1. Considering only Cα-Cα distances, which of the following residue pairs are longer than 26 Å: 265/285; 29/85; 38/265; 153/230; 24/56?
2. Run the quick spin-label model on residue 42 and residue 272: label points 7 Å from Cα toward the beta carbon, then report their separation in nm to one decimal.
3. Given labels modelled 7 Å from the Cα in the Cβ direction, how far is it in nm from residue 86 to residue 17?
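Taken together, the values in this text are just the output of simple stated rules run on the coordinates, not laboratory data. All values derive from a computational prediction rather than experimental measurement. All Cβ positions, even for glycine, are placed from backbone atoms using ideal geometry, and neighbour counts span all protein chains on display.
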Amino acid sequence: MVICAIPGCFVSRTPKYEGQSLFKIPQRKNAFYSEWRKKLVDVLSIYREMNATFKKEVLDCKRELFICENHFNEEDMILTPENKKTLCDMALPTRNLPKKSFSLGKKERKPPIIRNVDVNVVCDTQVGSTNKNYNSLEELYDDLNTSKWIQDKWIFGYSVNAGLEERCLRIYSYNDPLDLVPHIEIFLDGNFQTTVFVFGWMLPKSHPLFKTVVQELPIEDFLKKLTNLKLCPGITNHESVKSISHIVPICIDYKNNPSVPFLAKTFYRSVNCLVLCDDGNICKKCEGLKPGLCGTMVKS
């Protein structure tokens, strides 16, 4: 599936985004286009993980990447005689980009609030660890920076929600650096409202995970709780029920198997599928339609 390469942007060539243009990174091999391609890849490298092999494949025109019109200024685009948008030469994405901020000054901590605690009340901490009470995203960000487990497995930074101009904290991870869509992607706004995507599918707010309050739990515990969940296998008889397809990339060792095509697995889900479950069995939302197994293998 063709999807915008800017992290956090889900514009794709699907009916949902009809009318929005996706521009392919130019693949002509003369000096001018090679320089333009390099500048575009340099911009992408700021916001998404690109290992040396991946970057070289893009620069050598062996891999296609696309960027949607939402990241370019109006003056960077022109209309062709066929009334299609195309990029002006050397145009670079400058709008609606994830905004990283690693030099934010710490806010002065508020004095602790003294509360009367009823010793007869037993608190459920959800995850067997001490409670935490973050006063700001900056405090949570500091914890992200001090956890070796998070540093090894996750990418994080500040970004701005397109159209809302609201700063949020974005935490995400890839199954494979070559994947365009993160395995797990989390957005936290200033009020600690949490949105979670799993391979582009948004977890419904009814998901049991959201019984855990991120603000009151160490962020490492929350992320571990999230990664311990298993993918719902979806349904099989999707022709006879109302379902939505969900395409998930398959992890392949491309370094040792360079000739293997990129593969994905298609799952068919209930509109309200929970996506992640404790045991990896079909979730109750999908089970309410038809008990099922995994989807079929397709080429991506």
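1. Among 265/285; 29/85; 38/265; 153/230; 24/56, the Cα-Cα distance tops 26 Å for 38/265.
2. If labels sit at residue 42 and residue 272, their model points lie 5.1 nm apart.
3. Going by the 7 Å Cα→Cβ label model, 2.2 nm.
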